[in-house]
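Note sheet for the following structure.
The values are calculated or read from the model by the stated rules, or taken from the named source; none is laboratory data. Model, not experiment: these values are computed from the prediction. Quick reminder, even Gly has a Cβ in these numbers, built from the backbone with ideal geometry, and neighbours come from all protein chains shown. All accessible areas refer to the heavy atoms of the entire protein, side chains included, with ligands and DNA or RNA removed. Shrake-Rupley method; radii C 1.70, N 1.55, O 1.52, S 1.80 Å.
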Amino acid sequence: MVKNLNELAREIIKTNQYLTIASSNRKGSPWASVVVYSYDKDWNLYFLSIPSSNHCQNIKNNKKVVIAIFDSRQLFGQGVGLQIEGDATEAKPKDTAKFIKIYFDRKFPYDGSSHNSEDYIKQFTDKGSVYGCYKIIPRKVWMNDPNNKIDTRVAVKLNLND
């Protein structure tokens, strides 16, 4: 039995490195993409992507996104993951170095790799950079309750002060 679902939600973010982001274009057509992410102390999520990609163009026109974070290696019927509603934005030039630091200073859990963000800041802050830096601010977070035998979605809180 899992006692603290809020802690479990934070652990899911810490122990995974891919999220699926769903966005929609101006006509409401949905699009889903998988991206590598990092997070900050407030549980905001960060990813890099090409600004001309579908999901980035969608974010440019509509900041509302939903995301899922889960470990697909979980046993059948025992999977626990997060569903998150949030707002996504591309970094302003003045924030790009901060975003890069958060993104590349993470030790990624699947292979234990880590990077020195200082090696990447110039590459991603130059005007000719192919990639944009994006931030997702979670607004609502749910998970399926592992304590319930029936698949029940419950709200959880990432921040201790929420």
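Exactly one condition in (1) among the small types (Gly, Ala, Ser); (2) open to solvent by 70 Å² or more (accessible area, probe 1.4 Å); (3) at pLDDT 80 or above is not met by Ser114; state its number.
(3)
Any chance region 59-80 includes a residue that's of a type outside the set (Asp, Glu), in a loop (DSSP other than H, G, I, E, B), open to solvent by 10 Å² or more (accessible area, probe 1.4 Å) and touching an Asp or Glu at 6+ places or on another chain (Cβ under 6 Å)?
Restricting attention to region 59-80, the residues satisfying the condition of being of a type outside the set (Asp, Glu) are 59-70, 72-80.
Right, trim to in a loop (DSSP other than H, G, I, E, B) and you get 62-63, 72-80.
The next check asks that each one be open to solvent by 10 Å² or more (accessible area, probe 1.4 Å); those that pass are 62-63, 72-80.
Filter once more, so that each one left must be touching an Asp or Glu at 6+ places or on another chain (Cβ under 6 Å): 63.
Taking every residue of region 59-80 in turn, at least one turns out to be of a type outside the set (Asp, Glu), in a loop (DSSP other than H, G, I, E, B), open to solvent by 10 Å² or more (accessible area, probe 1.4 Å) and touching an Asp or Glu at 6+ places or on another chain (Cβ under 6 Å).
Scan region 94-107 and give yes if some residue there is assigned to a strand (DSSP E or B) and either modelled with pLDDT of 85 or more or buried (at least 16 other Cβ atoms within 10 Å of the Cβ) (or both), otherwise no. Give the derivation first.
Of region 94-107, the ones assigned to a strand (DSSP E or B) are none.
Within region 94-107, not a single residue is assigned to a strand (DSSP E or B) and either modelled with pLDDT of 85 or more or buried (at least 16 other Cβ atoms within 10 Å of the Cβ) (or both).
Suppose the filter is hydroxyl-bearing (Ser, Thr, Tyr) and under 19 Å from Arg139 (Cα atoms); does Thr20 pass it?
Working: hydroxyl-bearing (Ser, Thr, Tyr): yes; under 19 Å from Arg139 (Cα atoms): yes.
Answer is yes for this residue.
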